[in-house]
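The values are calculated or read from the model by the stated rules, or taken from the named source; none is laboratory data. Owing to the predicted nature of the structure, the values given are computational and were not obtained by experimental measurement. All Cβ positions, glycine included, derive from the backbone under ideal geometry; neighbour counts span all protein chains shown.
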Amino acid sequence: MAENDQGRVLLSVTGFNPRLWFDLLSKNREVTLEPDGPDDPSITYAVVWKQRPNLLSSLPNLRAIFSIGAGVDHIFTDPGLPDVPIVRVVDENLTQYMTEYVLWRVLDHQRQGMLFRAQQKRKIWREPAQRPAGDIAVGIMGLGQLGRAAARTLLAAGFRVNGWSRSEKTMTDVATFYGDNGLVPFLNATDILVVLLPLTPQTTGIVNYELLRELRKRNGLGGAVLINAGRGKLQKDADILRALEDGTLKEASLDVFEVEPLPRTSPLWSHPGIFITPHAAATSDPVHLVQPMLEQMAAFERGEPLQNVVDRNAGY
Ligand code: NDP
Ligand code: OXD
């Protein structure tokens with residue numbers, strides 16, 4: 001590669017058509033979907049979503065990996081992941097989508113959308129007891145970029161908000177808890193649990209029956225509610241079903257699942273207490289995300305540090 005040659009961007013995705021990403025990246029950089037062999041010297045950056053395992057392992061001039069999503073667990077599953085910085089998405093557009101999803105689902109559970117849809121189906125005209133937002137505590141697991149934005153919007157809508165994170169955090173008007181010791185007190189004070197954690201070895205399977213049992217059940221909603229838009233492997237699908245069956249949970253909104261796409265045979269599909277979206281809470285829109293990636297590449301080449309770099313030890 002010539003000294004002031006920018007090199008090429010390798011775009012490696014599975015599960016969706018990367019055409020728009022390719023076209024938008026190509027406006028500024030040479031882009032390829034395949035390297036010219038395992039040690040292609042022309043590749044300087046990789047932009048990835050669930051890249052093919054070992055694809056990046058021996059590219060000699062790879063300078064950084066850009067995740068197409070905010071989560072990076074899809075990158076860490078690669079056994080041949082090279083030791084270069086990984087940049088994740090932190091973006092207003094993505095945050096806005098997630099904030100909308102959380103507000104939508106919380107309001108729907110608080111205003112008893114499931115009950116009213118069931119009543120409509122049977123042409124039943126009956127007003128149940130209602131509770132204002134201020135009577136409901138929403139607990140957000142993961143007080144990061146997305147969790148904090150959701151917390152601010154829920155506060156503005158009148159809900160009480162609790163937050164749980166790995167390290168100690170303070171946030172105006174939010175009751176914050178952290179670490180293993182803070183988890184049960186956080187759950188005991190929560191009526192609607194919103195999961196916005198990254199998937200790491202520490203968080204895998206955390207949303208299980210034992211955890212759900214700690215949620216407050218005697219509340220204005222008539223039961224505890226789970227909303228998971230983090231990652232599917234944070235939860236145990238079977239434990240959610242068990243919790244719904246025995247009343248530990250009243251309802252759930254699930255955007256993510258242990259196996260995606262959710263198999264057609266999964267009993268989650270037809271459970272009356274579950275609202276399902278297909279990992280669509282906050283979509284990564286290339287129209288908003290490509291330009292910041294290109295700007296970061298240019299800034300990095302001018303000697304500036306990369307932003308939103310993943311902490312490899314923490315795994316997020
Ligand atoms: P951040 O990295 O900004 O925040 C992560 C939060 O989780 C932080 O508060 C962190 O604690 C906390 N956390 C991490 N590990 C633990 C742990 N072991 N115990 C307690 N808290 C922990 O991530 P984002 O807010 O940007 O994104 C969160 C996740 O949302 C992504 O990783 C992704 O999986 C998911 N996502 C889902 C989408 C969808 O469409 N369904 C779209 C986009 C993202 P601390 O503050 O102490 O570091
Ligand atoms: C993400 C996602 O991590 O869309 O951004 O899941």
Within region 32-77, residues within 16 Å of ligand 2 (Cβ to nearest atom) and of a type outside the set (A, V, I, L, M) come out as Trp49, Lys50, Gln51, Phe66, Ser67, Gly69, Gly71, Asp73, His74, Phe76, Thr77
Within the bounds of region 18-38, is there any residue that is of a type in the set (Val, Ile, Thr) and under 22 Å from Leu234 (Cβ atoms)? no
Taking Ala314 as meeting all but one of (1) among the hydrophobic types (A, V, I, L, M, F, W, C); (2) in a loop (DSSP other than H, G, I, E, B); (3) within 15 Å of ligand 2 (Cβ to nearest atom), write down the number of the exception. (3)
Mind checking which residues of region 5-22 are at pLDDT below 95 and in a helix (DSSP H, G or I)? none
For strands (runs of 3 or more DSSP E) lying entirely in region 23-130, having 2 or more residues that are of a type outside the set (S, T, N, Q) and in contact (Cβ under 8 Å) with a residue 40 or more places away in the chain picks out 43-49, 64-67
Going by the structure shown, is Lys121 modelled with pLDDT of 95 or more, more than 30 Å from Asn219 (Cβ to Cβ) and of a type outside the set (Ser, Thr, Tyr)? no
Given the criteria of a type in the set (S, T, N, Q), more than 10 Å from ligand 1 (Cβ to nearest atom) and surrounded by fewer than 16 Cβ atoms within 10 Å (Cβ to Cβ), does Gln110 qualify? no
Would you please name the residue that is farthest from Met114 (Cα to Cα), looking only at residues in region 262-296 that are of a type in the set (Val, Ile, Thr) and within 16 Å of ligand 2 (Cβ to nearest atom)? Val290
Could you please find all residues in region 180-199 being touching a helix residue (DSSP H, G or I) at 6+ places or on another chain (Cβ under 7 Å) and either within 12 Å of ligand 1 (Cβ to nearest atom) or basic (Lys, Arg) (or both)? Val194, Val195, Leu196, Leu197, Pro198, Leu199
Just checking, which of Val84, Val47 is among the hydrophobic types (A, V, I, L, M, F, W, C) and in contact with a Lys or Arg (Cβ under 8 Å, 6 or more places away or on another chain)? Val84
Can you tell which of Leu94, Leu115 is at pLDDT 95 or above, of a type in the set (A, V, I, L, M, F, W, C) and away from ligand 2 (no atom under 16 Å from the Cβ)? Leu115
Take the residues in region 234-260 that are within 16 Å of ligand 1 (Cβ to nearest atom) and more than 15 Å from Val194 (Cα to Cα); name whichever of them is surrounded by the fewest Cβ atoms within 10 Å (Cβ to Cβ). Val259
Hey, can you tell me all the residues within region 223-261 that are part of a loop (DSSP other than H, G, I, E, B), over 10 Å from Gly273 (Cβ atoms) and in contact with a strand residue (DSSP E or B) (Cβ under 9 Å, 6 or more places away or on another chain)? Ala224, Ala229, Gly230, Arg231, Lys236, Asp255, Val256, Phe257, Glu258
Can you tell me which residues in region 35-74 are farther than 17 Å from Leu94 by Cβ, crowded, with 20+ Cβ neighbours inside 10 Å and within 22 Å of the chain's Cα centre (by Cα)? Ala46, Gln51, Ile65
